[in-house]
Amino acid sequence: MRIKQSIIVSLSILLLMFIIPSLSYGQTLSARAEDNLGYAYEHAQGVPQNYYTAVYWFKLAAAQGNANAENSLGYAYEDGHGVPQNYYTAVYWFKLAAAQGNAYGENHLGYAYYYGQGVPQNYYTANYWYKLAAAQGNANAENNLGVDYQYGHGVPQNYYTAVYWYKLAAAQGNAFGENNLGSAYEHGHGVTQNYYTAVYWYKLAAAQGNRNAQRNLAIIRKQK
C-alpha cells in the first residue's frame, strides 16, 4: 500500500514538473495536486525533504478547502516542521479538517484534547474524536481508544474493550496497537496470559522500529 502511494506521488511530481511551467497567470493547480506535492516534500518522495516547501503547498491546498492539507498543516504546527511550533494553530487546522470528517484530523484533534495541547485537557472530548476517527477505520484512533479503556481515561476501565481496539489497530499493522496487544497477552489483561503470543506481537511491532516493543521483547526474552 505504501509502495503504491509512493508511486502515485512520484508520478504526480513528474507530471507537475511539466504542468507548472505551462500555467498561465491566474491559473492554479488542483487542491489535490498541491496536497500531493506537499506530501512529497514532507516525506522526501521523489524530491529532497523540505518541510518549508511542504508547508507552502499544504497552505495552497488548504486555501481551497482540502481536508488532508488542513490536517497536514496542523501536524506541521504541532511538531514545528517548516513553521514555528504552535499547538493553538495546530488545533485550528485540525478542527477544520475534522469538520469535514477527515479521520486524520479527528484523531489528531482527539490527541490534542487528550494531552491538553492547544486546548484544555479533556479525556471525554478526546474519546469523542477518537471514536469518530475509529469509525472510519483510523488505526491510530483505534489504538488510542484501547489505551483509554486500558487506563480508564474518560471511560470506565475495561481490559476486554481495550484489547478489542488493540486488535483492530494491530490488524492494520499499527505498531502501537501491536505492542499494546503484546503487552495485554504478556500480563493477561483482557486475554488469557500467553507469553508466546505476546512475543509474536512484540516482534511485529519491533520490526517496524517501535522502541517500546523492542524493549519489551528484550525483557520478556531475559525472563523466559
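The values are calculated or read from the model by the stated rules, or taken from the named source; none is laboratory data. Please read all numbers here as calculations on a predicted model, not as lab measurements. Ideal geometry is used to build each Cβ from the backbone, glycine not excepted, and the neighbour counts take in all protein chains shown.
Quick notes on this structure:
- Here residue 171 fits the description: out of contact with any strand residue (DSSP E or B) (no Cβ under 9 Å at 6 or more places or on another chain) and free of Cβ contacts under 8 Å to residues at least 24 places away in the same chain.
- Cβ separations smaller than 8 Å between residues 6+ apart or across chains give the following pairs from segment 104-117 residues that are farther than 14 Å from residue 143 by Cα to residues that are β-branched (Val, Ile, Thr) and at pLDDT 95 or above: 109/91; 112/91; 112/119; 113/119; 113/125; 117/91.
- Residue within segment 45-65 that is at pLDDT 95 or above and of a type in the set (D, E, K, R) present: yes
- Residues that are polar (S, T, N, Q) and in a loop (DSSP other than H, G, I, E, B) within segment 142-187 comprise 157, 158, 172, 174, listed in sequence order.
- Residue selected from segment 156-181 under the condition surrounded by 16 or more Cβ atoms within 10 Å (Cβ to Cβ) and more than 20 Å from the chain's Cα centre (by Cα), by the criterion nearest to residue 213 (Cα to Cα): 159
- Among residues of segment 103-119, those that are among the hydrophobic types (A, V, I, L, M, F, W, C) and either outside any helix (DSSP H, G or I) or under 10 Å from the mean Cα position of the chain (by Cα) (or both), counted: 2
- Single unsatisfied condition, residue 122 versus (1) surrounded by fewer than 22 Cβ atoms within 10 Å (Cβ to Cβ); (2) within 14 Å of the chain's Cα centre (by Cα): (2)
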